[in-house]
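**Student:** My questions will all concern the structure given below.
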Number of protein chains: 2
Amino acid sequence: MAGEFDLIDRIRARVLARADVALGIGDDAALLQPPLGRQLVVAMDTLNSGVHFPPATAPADIGWKALAVNLSDLAAMGALPAWCTLSLSMPEPDPVWVDAFLDGFDALARAHDVALVGGDTTRGPLSVCVTAFGLVAPGAALRRNGAQAGDDIWISGTPGDAAAALAQWSDGGTRDPVLRARLDRPTPRVELGLALAGHAHAAIDVSDGLLADLGHVCRASGVGAMLDIDAVPVSAALRNAVDDVHARRALQASGGDDYELCFTAPVSARDAIVAAGAASATPVARIGRMIEGAGIAVSTGEGAPWSPARAGWDHFAG
Amino acid sequence: MAGEFDLIDRIRARVLARADVALGIGDDAALLQPPLGRQLVVAMDTLNSGVHFPPATAPADIGWKALAVNLSDLAAMGALPAWCTLSLSMPEPDPVWVDAFLDGFDALARAHDVALVGGDTTRGPLSVCVTAFGLVAPGAALRRNGAQAGDDIWISGTPGDAAAALAQWSDGGTRDPVLRARLDRPTPRVELGLALAGHAHAAIDVSDGLLADLGHVCRASGVGAMLDIDAVPVSAALRNAVDDVHARRALQASGGDDYELCFTAPVSARDAIVAAGAASATPVARIGRMIEGAGIAVSTGEGAPWSPARAGWDHFAG
């Protein structure tokens, strides 16, 4: 049976090289050379089996997603990803599983030129913890606390897809492969985050649900929001999977795991935001307005008030 | 019941401030300002309940140890600790447990001026993952691959204590509080690591066992080692707890979890190493010599060959 050091060798053999990695996997710690004139951006997220992904999830998808959720955090800061570390706990050292996991992890790492520089492998219930490191010019990071009353609210992509896939899976019903890919292989909006620098006032990635995450922006910025739930783009797959408009709105408002960017920008930046979306090949849509006050008022396209059954996803309540 | 965001608020309230933290806990990612002319040193280690600590371990001790094992990795690189991130998985959000955990974590963080800048809390089997960040002058890091034939082998402290405590705990026998503290509250040898810069050729922290970790140095450096097991300092507590000299040697040679530094240095540096130990108030002892070849030959003080039942600790075999 493989041991810890065999697994580390397997992981090391797959790692991307970067000139700014002075020492990667294999010592007590990694040595990195941050570039001059950049701030370091650090995100850390853990995925636990049965909590953040169904136990039957393919290992390659777990690998992709573990890195994706962290790159999504860097994207929400407008940072350029550079390095990551990985801590992998598994019940038994399973080289076949690890190779498959690395297929997904590595595909996304290469797409964003991210070098895996360290971490550990150990025994325990299946759990994947990643720390991701990005770089940003001082003062250029997109934060949660910069939203201003009058700002447009924008969203990338088509929220609700991942939650619909999870609901299908839980119900044992139809498993739409397009929705399923949105759950298992979320696209971190790295290029969009970079393109928003200098235009957006605030940004967050939608991991807990649109209302929950927009609520974080509201609280951090000391403002409120008016959200037109029917302005949130609906994918064809979601429209096809969920007939009932109320149920669909609920998935879009409160469903987690989409990893789209929700951001605010002044009205004067509308053209720039559209251009940023085009430049990053990322669909963006205006879905509301930040207002004086607190909390989020949600309306339908006809202006009627609308509220979901629950606001979002608490990692302990789910 | 407390939720994720309550826990994060509890954690944030306890965090040390540092001028080089541009943005700490509370956004999608942290923003750090690395100093000019320094390399970044990154270590990441996870502790899983029942694997890395007995489930009955006090939460404050878990908090201390989760940070200590990572600071120990920084120490083994000769790095100055600066920041860390924490991912905490627990079955239910328990604010009393978290406060106790933070008592231990925070005590060690303050002792080393380490700021907790981010991470996450989530539901899952009890598990603590920490990423620690340190700083080192370019080229000054202590690596595993610098040992040379002819170097002295040195060890800090009194290895074997933690393994003896774990054995006592497993057997339900006498629980010596001195040994137990060495298991639950290991001392990362940060000051020693810093003082060794420019003097030691190679260093590693003893987490898996002296023979296993010295073996890593041998392989990385392409040399062998002769170790005098009876030159390894024995604590009074260990001598008192374990009568049999063979059993005691086995604990010292193969017991994990001591987090002492094992390092090599040229004979010409003996005075400097002794001075480094004194300056950092850390006991150091010469325990052998690096040699041409490969592998580790272990002898007793009388020069007789000696070998333990097992070389060390594999995180999957334990």
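The values are calculated or read from the model by the stated rules, or taken from the named source; none is laboratory data. Computed from a predicted structure; not experimentally measured. Using ideal geometry, Cβ is built from the backbone for each residue, glycine included, and neighbour counts are taken over all protein chains shown. Just so you know, the surface numbers come from the protein's heavy atoms only, side chains and all, with ligands and any DNA or RNA stripped out. Shrake-Rupley method; radii C 1.70, N 1.55, O 1.52, S 1.80 Å.
**Student:** Under 6 Å between Cβ atoms, which residue pairs at least 6 apart in sequence (or on different chains) link something in region B:71-88 that is more than 19 Å from A:Gln39 (Cα to Cα) with a partner that is hydroxyl-bearing (Ser, Thr, Tyr)?
**Tutor:** Listed by first residue and then by second, the contacts come to B:Ser72/B:Tyr259; B:Ser87/A:Thr46; B:Leu88/B:Thr121.
**Student:** Looking only at residues that are open to solvent by 60 Å² or more (accessible area, probe 1.4 Å) and of a type in the set (Asp, Glu) in region B:248-293, which one is farthest from A:Asp28 (Cα to Cα)?
**Tutor:** Step one: of region B:248-293, the residues open to solvent by 60 Å² or more (accessible area, probe 1.4 Å) are B:267-268, B:270-271, B:274, B:278-279, B:281, B:283, B:286, B:289, B:292.
Of the ones still in play, those that are also of a type in the set (Asp, Glu) are B:271, B:292.
On the way: B:Asp271: 26, B:Glu292: 24 Å.
Looking at residues that are open to solvent by 60 Å² or more (accessible area, probe 1.4 Å) and of a type in the set (Asp, Glu), I get B:Asp271.
**Student:** Which one is least open to solvent (accessible area, probe 1.4 Å) among residues in region A:1-26 that are at the interface with another protein chain (Cβ under 8 Å from one of its Cβ atoms) and touching a Leu at 6+ places or on another chain (Cβ under 6 Å)?
**Tutor:** Here the answer is A:Leu23.
**Student:** Which of the following residues is free of Cβ contacts under 8 Å to residues at least 24 places away in the same chain and charged (D, E, K, R): B:Arg110, B:Arg18, B:Arg12, B:Arg38?
**Tutor:** Values: B:Arg110 fails: free of Cβ contacts under 8 Å to residues at least 24 places away in the same chain; B:Arg18 fails: free of Cβ contacts under 8 Å to residues at least 24 places away in the same chain; B:Arg38 fails: free of Cβ contacts under 8 Å to residues at least 24 places away in the same chain.
When all the criteria are applied, what remains is B:Arg12.
**Student:** Related question: For region A:212-225, enumerate the residues that are farther than 10 Å from A:Ala294 by Cα, more than 10 Å from chain B (Cβ to nearest Cβ) and open to solvent by 30 Å² or more (accessible area, probe 1.4 Å).
**Tutor:** Those that are farther than 10 Å from A:Ala294 by Cα, more than 10 Å from chain B (Cβ to nearest Cβ) and open to solvent by 30 Å² or more (accessible area, probe 1.4 Å): none in region A:212-225.
**Student:** Would you check if there is a residue in region B:60-83 being more than 14 Å from chain A (Cβ to nearest Cβ) and at pLDDT below 95?
**Tutor:** No, region B:60-83 has no match at all.
**Student:** Among the residues of region A:27-43, is there at least one that is in contact with a strand residue (DSSP E or B) (Cβ under 9 Å, 6 or more places away or on another chain), more than 7 Å from chain B (Cβ to nearest Cβ) and surrounded by fewer than 16 Cβ atoms within 10 Å (Cβ to Cβ)?
**Tutor:** Going through region A:27-43, the residues in contact with a strand residue (DSSP E or B) (Cβ under 9 Å, 6 or more places away or on another chain) turn out to be A:27-35, A:38-43.
Going one step further and asking which of them are more than 7 Å from chain B (Cβ to nearest Cβ), we end up with A:35, A:38.
Subset that is surrounded by fewer than 16 Cβ atoms within 10 Å (Cβ to Cβ): A:35.
Yes, region A:27-43 contains a residue that is in contact with a strand residue (DSSP E or B) (Cβ under 9 Å, 6 or more places away or on another chain), more than 7 Å from chain B (Cβ to nearest Cβ) and surrounded by fewer than 16 Cβ atoms within 10 Å (Cβ to Cβ).
**Student:** Give the residue, chosen from A:Val117, A:Val130, that is among the aliphatic types (A, V, I, L, M), facing chain B (nearest Cβ under 10 Å) and either more than 26 Å from A:Leu16 (Cβ to Cβ) or more than 15 Å from the chain's Cα centre (by Cα) (or both). Please lay out each step first, then the result.
**Tutor:** Values: A:Val130 fails: either more than 26 Å from A:Leu16 (Cβ to Cβ) or more than 15 Å from the chain's Cα centre (by Cα) (or both).
After applying the criteria, what remains is A:Val117.
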